[in-house]
Amino acid sequence: MNDASAPLQPPSGAAADWTIPQRWSDYSPAEHAMWDRLLARQTEILGDRAVPAFMNGLEVLRIAKPGIPDFAELSEHLGARTGWTVKAVPGLVPDEVFFRHLANRTFVAGRFIRTPDQIDYLPEPDVFHDVFGHVPLLADPVFADYMQAYGEGGLRSLEFGALERLARLYWYTVEFGLIRDGANLKLYGAGIVSSRGESIFALDDFSPNRIAFDLRRVMRSRYRIDDYQQTYFVIDSFDDLLRQTLETDFAPLYRELDATPDIEPATVLNTDRVIHRGDQDHPSAFAGV
Ligand code: PHE
Ligand code: FE
């Protein structure tokens, strides 16, 4: 994703918008094999865990086939569905650059792939997290609109110095969101579906809280980046998420929340609509992206 501490000038070799050529033919057989290994292990467990729109995106965008996807080919399939494009970047990019790309329906993805010793954890998003995790839902027309609106909202948040609030919304939806599917909960957050451990933990473990999504509540909630989440927020549908965020003018909300205390990651409030109250028994370890 984005990072405020990233340098402000693109590194040499990158364009002014921070994109770089993917150079797909330069990937080694070992790099493609790493993709295949990650793909096999996630598709094996996600079938009945991920939201149907995610599984459908994998299929229609031809992501679930051997080898690291070629972004040009991927963008052709995606463009035909929702008008989105995928471009490579060297690593984390400044927030404003990231938001501007989203607002223009461009998803920027890491080019590199993790090495075998990083299979479960790596500090920066790689091509597996970015493409397998994020891109399938960009084939869903409603989610595709949400991501564009988020980019526009992100640019606007910078004018209010409210980036942190909006980053929390991204974290608890795009990265770590759960969604209702009839009587069940399903996964849709990219940080979950690209991690084997968290794909199981987020749905099945007794430890984390699962709380119905509430915009204000989410924007007040701190999050942890070094372990599985202690709380997941559950949306009713992508339509509902898009409608709530579009219909709300965030400017007064930012001001109101400035005078409201933050909420710690494991806290349950008595105003929460609790779906599962976690016992927070999960021993602190690590989580992959
Ligand atoms: N409605 C938000 C605003 O007024 C913009 C936004 C839309 C933010 C969708 C996130 C997601 O700033
Ligand atoms: Fe991500």
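Descriptive notes on the structure:
- Filter pass, R41 being surrounded by fewer than 20 Cβ atoms within 10 Å (Cβ to Cβ), over 15 Å from L138 (Cα atoms), in contact with a strand residue (DSSP E or B) (Cβ under 9 Å, 6 or more places away or on another chain) and in contact (Cβ under 8 Å) with a residue 40 or more places away in the chain: no
- Sole residue being at pLDDT below 95 and either surrounded by fewer than 21 Cβ atoms within 10 Å (Cβ to Cβ) or under 13 Å from the mean Cα position of the chain (by Cα) (or both), chosen from P116, P136: P116
- Among the residues of segment 151-165, those identified as part of a helix (DSSP H, G or I), open to solvent by 10 Å² or more (accessible area, probe 1.4 Å), within 12 Å of ligand 1 (Cβ to nearest atom) and not basic (K, R) are E152, G153, L155, L158, E159, L163.
- For the criterion of being over 24 Å from A183 (Cα atoms) and either surrounded by 17 or more Cβ atoms within 10 Å (Cβ to Cβ) or away from ligand 2 (no atom under 16 Å from the Cβ) (or both), T245 passes.
- Residues that are open to solvent by less than 50 Å² (accessible area, probe 1.4 Å) and among the small types (G, A, S) are absent from segment 255-263 altogether.
- Residue within segment 50-61 that is within 16 Å of ligand 2 (Cβ to nearest atom) and assigned to a helix (DSSP H, G or I) present: yes
- Residues of segment 182-195 that turn out to be open to solvent by 40 Å² or more (accessible area, probe 1.4 Å) and within 16 Å of ligand 2 (Cβ to nearest atom), as a count: 0
The values are calculated or read from the model by the stated rules, or taken from the named source; none is laboratory data. What you see is a predicted model; the values in this text were computed from it and never measured. Note that each Cβ is placed from the backbone with ideal geometry, even for glycine, and that neighbours are counted across all protein chains shown. Quick note on the areas: whole protein, heavy atoms, side chains included, nothing else; ligands and nucleic acids left out. Shrake-Rupley method; radii C 1.70, N 1.55, O 1.52, S 1.80 Å.
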